[in-house]
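Engineer: Below you'll find the structure I mean.
All of the numbers you see were taken from the coordinates with simple rules; none came from a lab. For clarity, every value in this text was computed on a predicted model and none was experimentally measured. Neighbour counts run over all protein chains shown; Cβ positions are idealised from the backbone, glycine included.
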Amino acid sequence: MSDSNKPPVWFWVVSILLVLWNLSGVYSYLSTKFNQVEMLESMTQAQRELFEAFPAWATAAFAIAVFGGTVAAIGLLLRKKWAKPLFVVSLVAAVAQFINWLFIQNAPEAFGSEAYTMPVIVVVIGILQIWFSKKGIQKGWLS
């Protein structure tokens, strides 16, 4: 490895932060699967009905988004080009899930405007992950 292809320290810092971000998504997914009773008890009836009606394809999209993003972020740490297409898959899956959440199931009706907060944050970070991995490829940091 030549010095010109050696990533700067901030590359590693950002990559570690992206791993942690994506692991928080995995935690969220696993919480919805394994702590469902406690989660549902803290919700209003309308919110409970929304979660209980969450379709299997949207749950699959959620899983693909968070696990794909985590593997892609680990790929950054390993300096692998395949991180970029995996980040794209993760973002597409997240957008599919959010289309269901916001427009098909109409979550803002039960949760108000806060239903938009996490989808917006996730999509913005998803776009930044793709951009960051693309820059890493262009700079020769990923192979």
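Engineer: Among the residues of the range 76-90, are any in contact with a Lys or Arg (Cβ under 8 Å, 6 or more places away or on another chain) and basic (Lys, Arg)? First the steps, then the outcome.
Structural biologist: To start, the set of residues in the range 76-90 that are in contact with a Lys or Arg (Cβ under 8 Å, 6 or more places away or on another chain) comprises 84.
Narrowing the set further to residues that are basic (Lys, Arg) leaves 84.
Yes; the residues of the range 76-90 include at least one that is in contact with a Lys or Arg (Cβ under 8 Å, 6 or more places away or on another chain) and basic (Lys, Arg).
Engineer: May I pose another question? Scan Ser28, Ser113 and give me the residue that is over 30 Å from Pro7 (Cβ atoms) and in a helix (DSSP H, G or I).
Structural biologist: On the way: Ser28 fails: over 30 Å from Pro7 (Cβ atoms).
None of the other options fit; the residue is Ser113.
Engineer: Here's a follow-up. Considering Phe34, Phe67, which residue is among the aromatic types (Phe, Trp, Tyr) and over 19 Å from Ile127 (Cα atoms)?
Structural biologist: Exactly one residue qualifies, and that residue is Phe34.
Engineer: Let me ask another. Is it true that Ala93 is under 29 Å from Val9 (Cα atoms), assigned to a helix (DSSP H, G or I), within 11 Å of the chain's Cα centre (by Cα) and in contact (Cβ under 8 Å) with a residue 24 or more places away in the chain?
Structural biologist: no
Engineer: Residue by residue through the range 7-58, note down the ones that are more than 22 Å from the chain's Cα centre (by Cα), surrounded by 12 or more Cβ atoms within 10 Å (Cβ to Cβ) and within 25 Å of Ala83 (Cβ to Cβ).
Structural biologist: Pro7 - this is the single residue of the range 7-58 that is more than 22 Å from the chain's Cα centre (by Cα), surrounded by 12 or more Cβ atoms within 10 Å (Cβ to Cβ) and within 25 Å of Ala83 (Cβ to Cβ).
Engineer: Leu128 - would you say it is within 14 Å of the chain's Cα centre (by Cα), free of Cβ contacts under 8 Å to residues at least 40 places away in the same chain and within 20 Å of Pro7 (Cβ to Cβ)?
Structural biologist: When the stated conditions are applied, Leu128 passes them.
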